[in-house]
């Protein structure tokens, strides 16, 4: 989510590159949920994703077998397990860098626009390390990477002019863009910012929440906990990835087990313990509620209408977890 100062900086860069602001904001939203930096062990780090098949390709042949044996690379896309936490992703990056720093940085997508490091030469950098330094400096540096890639790539500027969502998606995201409905996401995000460039929505929360409900979970935190994510109640880029994968795999919680656990918890959990855990859970949920309140009348309406459901959902989930560990 960008504040006013961020938007001014992005707007100035868009004018320099002759790229519409709504497109820059839309791409940033879809690629990184508008989060340029993560907090990892108390330090600010650029948002990243790791591509194991890129790492395999970028490694010298002499180093590939070691990377594959450690589960850090694979010749085929999607065969390398990528951690589902910010810290986990950086730990994996550091393991890559122990093997080959240059190949490691070529094989990650970085920053708010998730531009691949192997494009460093194309973007005018002397090395992937230089490009990485630029991504670490500031949001503006990351936006420059994104806008520079759009400006210099054959066909992307024309796709923007023609409002050809599918062409843009294919050239920016790759040939597998249809699998994640990338074109539809870009179209929706760009049109939203065209209607209101000051919009503070990081993404369409309603759609994500509907997806979580469709998968059988009452709250964001319940979904996150079940999928090994940090249960912070915030739908960031990693949670979005998990939602998309779960929808593809049609993963659902075991309803029978949940019912049995609810009955066990009702009989055995103490009121004081449950209240304590629910209170802790709401420390995370307040982030979401505060965010909704900041959206004005629309967000406040969502917060008010959903408050009782959130309370019920979090309480039920805490009781369920206590039953599982009893």
**Prompt:** In Å, what is the Rg of the alpha-carbon atoms in region 4-195, and how long is Dmax?
**Reply:** 16.6, 53
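For the residues 37, 122, what sequence is obtained by ranking on other C-beta atoms within 10 Å, fewest first? Mind showing how you got there, number by number?
On the way: 37 19, 122 14.
Ascending number of Cβ neighbours within 10 Å: 122, 37.
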**Message:** Run the simple label-point estimate for residue 241 and residue 62 please: 7 Å along Cα→C-beta, distance reported in nm.
**Reply:** 3.1
**FRET efficiency, 1/(1 + (r/R0)^6) with R0 25 Å, evaluated for residue 7 and residue 184 via beta carbons** = 0.55
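For a footprinting-style exposure proxy, rank 90, 172 by other Cβ within 10 Å, fewest first. Could the numbers behind the result be given before it?
Working: 90 19, 172 24.
Taking fewest neighbouring Cβ atoms as first place, the list is 90, 172.
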**Fill in**
Going from the fewest other Cβ atoms within 10 Å to the most, one would list 65, 153 as 65, 153
**Request:** Give the Debye-formula value of log10 I(q)/I(0) at each listed q (0.10, 0.11 Å⁻¹), with one equal scatterer per alpha carbon of region 21-117, two decimals each.
**Result:** -0.27, -0.33
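Readers should treat all values here as calculations from the given coordinates under stated rules, not as data from a laboratory. Only a predicted model underlies this, so the values are computations on that prediction, with no experimental measurement involved. So basically every Cβ, Gly included, is an ideal-geometry build from the backbone, and we count neighbours across all protein chains shown.
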